[in-house]
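Submitted below is the structure of interest, expressed as structure tokens.
The values are calculated or read from the model by the stated rules, or taken from the named source; none is laboratory data. The model shown is predicted, which means the values in this text are computed figures rather than measured ones. Cβ placement follows ideal geometry from the backbone for every residue including glycine, while neighbour counts extend to all protein chains displayed. Heads up: the accessible areas ignore ligands, DNA and RNA and are worked out on the full protein's heavy atoms, side chains in. Shrake-Rupley method; radii C 1.70, N 1.55, O 1.52, S 1.80 Å.
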Amino acid sequence: MARYGMVIDTRKCVGCYACRVSCQMQNELPVEESYIKFYEKETGVFPNVKNEIIPVQCQHCEDAPCVSVCPTKATYTTKEGIVLVDADKCIGCKYCMVACHYGARTQDHNTGVVEKCRFCAELVAEGKQPACVSTCISNARIFGDLDDPNSEVSKAIVKMNAQPLRPDLGKAKIYYVR
Amino acid sequence: MVWGTIIAAYLFLAGLSAGAFLTSSYAARKYPDAKIVRIVGRLISPILMGIGLLLLIVDAEAGLKDPLRFIYLFTNFSSVMTIGTYFISFFMMAAAYIALMELLKKDINKMLEYVGIVLAVATAIYTGFLIGVIGAVPLWNTAILPILFVVSAFSTGIAGTMLVSAFVDKKVIHHVISIKKFHLTLLISEVFLIFTMFLITSSTNESAAQSVSMLLSGEYSGLFWLGLVVVGLIVPIAIEALELWNAKKLHQTPAGLEVAASGSHGIAATMITESAVLAGGFILRYLLLAAAVPVIFI
Ligand code: SF4
Ligand code: SF4
């Protein structure tokens, strides 16, 4: 069984928002709602400063706090390790939003359901790449099976020593190169 | 604020309801003739909890649109909210049954009342654990929070019960001196708990430190110092202490005893104290939700 994950190379990300737009199209989101948020971080001391653009979306945590707090079991983890929301079970209590360390969830105010990045589970099931990955203009995103050491994503993690955003906050399935 | 005023009101009402239940059970044992206090506590408890649950339903937008989904609330035993749903459901049943028996003037099954007491405490603790287990918000993620919520629940429960009781019969409040002493102790503990919690969390965590400074000197400092500390704690502590002191004096002379027994002195002080405690109880929960700074992950 595959265990899906992603690498995001912030050194390549130019902050063009193409991934966000394609995600919004894939998930039929209105302009003001999105599953990918952009953060900027400046590090270093002048003149050696680095400005980093960090796209953040659901990290598909192993032992995800959103899954354990959800009272209705609307939020669950698939066999492939993708964290999904069953829109027919969600009551919109927002407990998962409060529990997520990455502020990765948004509430759809038409349905009241809380949603987030789903690793485009329906595309992945067809053997395709998530929309954000295939759209990225600078190949900053790599998606694939973390359990397969020969997958592109596993090799990239090893080669570039990619790390989760905050390993201390729990195991995530998105690895960042920074 | 992901969880806002509505959730603050829900947490407040759940605590108040549990506290009123405990107050009435205590009064029933300690002061068999202070019927009003007992009856008022027993009646307002399920009503307030019911209002709280309605608020919760209104806030859960997706469930509001499709109410059958609320059944799923009972399904995830790893979720504090599911556990709390069980506590609250059983507490509501016990409280409503006891209120009904009180209305019908029937005897109340002792065992059932004890079960109710346990469930009331569980409900009050639950409101603290609900947000206390959230690792993403360090201000909440402390062992002191559930204790603070229980103390505050009991304190608002006493206040609510005494306030309504005083409206019904102003004499009654001078008969239940030990409840007043208890109340004073709770209020003083609350001050202690709040500041201990702030001190500990803000010295160990950056986000918690931000939350605490928002409360003590930032955006919410007005509401914190004036609303919670002065109105919600200092004023009631001062009045309650004064009243207890007066009561002691009254009980020392035969004439004073008579005044106390007839309840001929005013109830203004009680009204002010109890309303202030209720306001403080709500403000406490509102502020804790409003100042919830999540862990900074970037
Ligand atoms: S990032 Fe947030 S929403 Fe995604 S799995 Fe982790 S806790 Fe859940
Ligand atoms: S908002 Fe929906 S998905 Fe989130 S915890 Fe509540 S029921 Fe679960």
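Test of understanding: in a Gaussian network model of chain B with alpha carbons linked when under 10 Å, which of B:Asn109, B:Asn246, B:Asn141 would top the mean-square fluctuation ranking?
In this elastic network of chain B, the residue with the biggest mean-square fluctuation among B:Asn109, B:Asn246, B:Asn141 is B:Asn109.
If you average the C-alpha positions of segment B:206-256 and of segment B:74-98 separately, how far apart do those two centres end up, in angstrom?
Segment B:206-256 and segment B:74-98 have Cα centres separated by 32 Å.
Expressed as a fraction of 2.2 N^0.38 Å, the rule-of-thumb size for a compact globular protein of N residues, what is the C-alpha radius of gyration of chain A?
Scaled against compact globular proteins, the figure is 1.02.
Applying 1/(1 + (r/R0)^6) with R0 = 22 Å to the Cβ-Cβ distance of B:Asp66 and A:Glu33, what FRET efficiency is obtained, to the nearest 0.05?
0.60
For segment B:156-298, give the percent of accessible area contributed by carbon and sulfur heavy atoms, probe 1.4 Å, rounded to a whole number.
That fraction is 72 percent.
Heavy-atom accessible surface, probe 1.4 Å, ligands and DNA/RNA ignored: which residues of segment B:31-66 lose at least 40 Å² versus the isolated chain?
Listed by number, the residues meeting the 40 Å² cut-off are B:Glu61, B:Ala62, B:Lys65.
Read phi for every residue in segment B:114-131 and hand back ³J(HN,Hα) as whole Hz from Karplus 6.51 cos²θ - 1.76 cosθ + 1.60, θ = phi - 60°, with x for Gly and Pro.
Computed from phi, the couplings for segment B:114-131 are 5, 4, x, 4, 4, 5, 5, 5, 4, 4, 5, 5, 4, 4, x, 5, 3, 8 Hz.
Right, something else. Return P(r) of the protein assembly as shown (all Cα-Cα pairs; 20 Å bins starting at 0; whole %; ordered from short to long distances).
Pairs per bin, as whole percents: 22, 45, 24, 8, 1.
Quick check: Cα centre of segment B:28-42 to Cα centre of segment B:140-179, how many Å?
So the separation of the two Cα centres works out to 14 Å.
If you don't mind, there's one more thing I want to ask. Would you calculate the separation in nanometres between label points at A:Lys171 and B:Asn109, each defined as 7 Å from the Cα along the Cα-to-beta-carbon direction?
Once both label points are built, they end up 4.8 nm from each other.
Hey, which lysines would be in cross-link range of B:Lys249, C-alpha to C-alpha under 27 Å, not counting anything within fewer than 8 residues on its own chain?
Hits, sequence-local ones excluded: B:Lys30, B:Lys35, B:Lys170, B:Lys171, B:Lys180, B:Lys181.
Follow-up. Over chain B, what lengths in whole Å, largest first, do the semi-axes of the equivalent ellipsoid take, defined as the square roots of 5 times the eigenvalues of the alpha-carbon gyration tensor?
Semi-axes (√(5λ), whole Å): 33, 26, 14.
Mind giving me the FRET efficiency for B:Glu219 and A:Glu42? R0 is 25 Å, r the Cβ-Cβ distance, nearest 0.05 is fine.
About 0.50, to the nearest 0.05.
Where does each of B:Glu206, B:Glu240 land when they are ordered by accessible area, with a 1.4 Å probe and the largest first?
B:Glu206, B:Glu240
Once you average over the residues of B:72-78, how many Cβ atoms of partner chains fall within 10 Å of each Cβ?
Per residue, the number of nearby Cβ atoms from other chains is 6 on average.
Which ³J(HN,Hα) values in Hz, rounded to whole numbers, follow from the phi angles of segment A:137-143 under the Karplus curve 6.51 cos²θ - 1.76 cosθ + 1.60, where θ = phi - 60° and Gly and Pro get x?
Values per residue, Gly and Pro as x: 6, 10, 6, 7, 10, 10, 10 Hz.
If you don't mind, there's one more thing I want to ask. For chain B, what does -39500 (n - 2.57) per DSSP helix run (n ≥ 4), summed and divided by total residues, give at 222 nm, in deg cm²/dmol to the nearest 500?
My calculation for chain B gives -25000 deg cm²/dmol from helical runs alone.
Give me the percent of accessible area attributable to carbon and sulfur for segment B:1-130, probe 1.4 angstrom.
On segment B:1-130, the fraction of accessible area on carbon and sulfur atoms equals 75 percent.
Note the buried accessible area between A and B here, summed over both chains, with a 1.4 Å probe, in Å² to the nearest 100.
Buried surface at the A/B interface: approximately 2700 Å².
Moving on to the next point. Please identify the longest segment of chain B free of exposed trypsin sites (Lys or Arg not before Pro), where exposed means a DSSP state other than H, G, I, E or B and no more than 11 other Cβ atoms within 10 Å.
The segment B:107-298 is the longest one with no such site.
Now a separate question. Once R0 is set to 35 Å, what does the formula 1/(1 + (r/R0)^6) return for the Cβ-Cβ distance between B:Ala96 and B:Thr196, expressed as a FRET efficiency to the nearest 0.05?
0.45
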